[in-house]
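Enquirer: Following this message is one structure expressed as structure tokens.
The values are calculated or read from the model by the stated rules, or taken from the named source; none is laboratory data. Just so it is clear, the structure is predicted and the values come from calculations on it, not from any experiment. Neighbour counts run over all protein chains shown; Cβ positions are idealised from the backbone, glycine included. Each accessible area value is taken on the protein alone, full model and side chains, heavy atoms only, with ligands, DNA and RNA left out. Shrake-Rupley method; radii C 1.70, N 1.55, O 1.52, S 1.80 Å.
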Amino acid sequence: MGKNKVKYGLRNVHYAVVTESPGGVVSYGTPKHVPGAVNLTLDAAGEEVAFYADDGLYFEENTNNGYTGSLEMALIPDEFRVDILGDEIDENGALIENRDAQVKKMALMFEFDGDANKTRHVMYSVLPTRPSVSGATRTNTKEPQTESMDIAARPALDTGDVKAKVKQGESPYDNFYSAVYLKSAPVNTVEEAAVEFSKSEHDDVTVNVTSTDAQNAVKNVLLDGVPIPGVYLTPAGVDVTIGQTYLSALDNGDYTITVEFMRGNAVTVALTVTA
């Protein structure tokens, strides 16, 4: 266990589910925000390897096994418990914890309070433990109760990368929380941040994207987090057109279109549907 334990104030905590295929291919889900971040405590994990020969130190190496520590939240959301801790919600809306549930790895993304550069961080392979359950009776003063999980952040299975950070002003910064940043990932930018669909005009809606990767392609398109059926989509490279038949069936109002790509950050576009 390393000695450089540091306790950080947190903000903008996000997690993304990690999927590891049998062939060693790692993929990451869309990051989700977790409100109520309190503290992150980290210890560097690793050990010093020393080999002595010829009456002296012959070889020395420090191994990097990532970090261990704890993540403290005001309250761990039910969505996180389902996505990462393996809990289930039954047909009556009850949240069920089962002994056979498997905890999943996640990418953990965050910022630190007080960081003048507003640096954003990602740890690629974080395995949490189940949080302990505690409570206290009410007294004449109110003491907020928090929830903490022990975490182990290890090198990613495919790349060996433990973590990455991006400073404000660097190209991946603005869209950092839309997708897990990967080494040398392309940057995808959208031409229009907002579009409008009028049911009376019956026009398709096209999301125009520019990518620094000329070979990039659309992976998924969602409306308010729900995948749009492919029959209503016409992808062309990193651009995508949503058919008016699908849009005409929506209620009037505001929505968010999210376009995910094979490489690099997702982009979001505000959609307004009118009569």
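Enquirer: Surrounded by fewer than 17 Cβ atoms within 10 Å (Cβ to Cβ) and in contact (Cβ under 8 Å) with a residue 40 or more places away in the chain: is that true of Thr245 in this structure?
Expert: Details: surrounded by fewer than 17 Cβ atoms within 10 Å (Cβ to Cβ): yes; in contact (Cβ under 8 Å) with a residue 40 or more places away in the chain: no.
In short, no.
Enquirer: Considering only the stretch 182-202, I want to know if a residue exists there that is basic (Lys, Arg), modelled with pLDDT of 90 or more and under 16 Å from the mean Cα position of the chain (by Cα).
Expert: If we filter the stretch 182-202 for residues that are basic (Lys, Arg), which is where we start, we get 183, 199.
From the residues that got through so far, the ones that are modelled with pLDDT of 90 or more too are 199.
If we keep only those that are under 16 Å from the mean Cα position of the chain (by Cα) too, we end up with none.
There is no residue in the stretch 182-202 that is basic (Lys, Arg), modelled with pLDDT of 90 or more and under 16 Å from the mean Cα position of the chain (by Cα).
Enquirer: Moving to a separate point now. Among the residues of the stretch 84-103, how many are touching a Leu at 6+ places or on another chain (Cβ under 8 Å), of a type outside the set (A, V, I, L, M, F, W, C) and surrounded by 15 or more Cβ atoms within 10 Å (Cβ to Cβ)? Give the derivation first.
Expert: Step one: filter the stretch 84-103 for residues touching a Leu at 6+ places or on another chain (Cβ under 8 Å), giving 87-89, 97, 101, 103.
Pick out the ones that are also of a type outside the set (A, V, I, L, M, F, W, C) and you get 87-88, 97.
From the residues that got through so far, the ones that are surrounded by 15 or more Cβ atoms within 10 Å (Cβ to Cβ) too are 87.
Residues that pass the stated criteria total 1.
Enquirer: Right, another one. What pairs can you find where one residue is in the stretch 166-182 and under 15 Å from Leu108 (Cα atoms) and without any contact (Cβ under 8 Å) to a residue 60 or more places away in the chain, the other is assigned to a helix (DSSP H, G or I) and hydrophobic (A, V, I, L, M, F, W, C), and their Cβ atoms are less than 8 Å apart, with a gap of 6+ or different chains?
Expert: These pairs meet every condition: Val166/Phe176.
Enquirer: Within the stretch 105-126, is even one residue at pLDDT 95 or above, touching a Leu at 6+ places or on another chain (Cβ under 8 Å), of a type in the set (Asp, Glu) and open to solvent by less than 30 Å² (accessible area, probe 1.4 Å)?
Expert: There is no residue in the stretch 105-126 that is at pLDDT 95 or above, touching a Leu at 6+ places or on another chain (Cβ under 8 Å), of a type in the set (Asp, Glu) and open to solvent by less than 30 Å² (accessible area, probe 1.4 Å).
Enquirer: Can you name every residue in the stretch 186-232 that is of a type in the set (A, V, I, L, M, F, W, C), over 12 Å from Glu260 (Cβ atoms) and surrounded by 16 or more Cβ atoms within 10 Å (Cβ to Cβ)? Can you show your working first?
Expert: Initially, the stretch 186-232 is screened for residues of a type in the set (A, V, I, L, M, F, W, C), giving 187, 190, 193-195, 197, 205, 207, 209, 214, 217-218, 221-223, 226, 228, 231.
Checking which are over 12 Å from Glu260 (Cβ atoms) leaves us with 187, 190, 193-195, 197, 205, 214, 223, 226, 231.
Hits for the stretch 186-232 are Val187, Val190, Val195, Phe197, Val205, Leu223.
Enquirer: Looking at the structure I just gave you, is Asp158 at pLDDT below 95, under 23 Å from Ser178 (Cα atoms), assigned to a loop (DSSP other than H, G, I, E, B) and over 15 Å from the mean Cα position of the chain (by Cα)? Reasoning before the result, please.
Expert: Working: at pLDDT below 95: yes; under 23 Å from Ser178 (Cα atoms): yes; assigned to a loop (DSSP other than H, G, I, E, B): yes; over 15 Å from the mean Cα position of the chain (by Cα): yes.
The answer is yes for Asp158.
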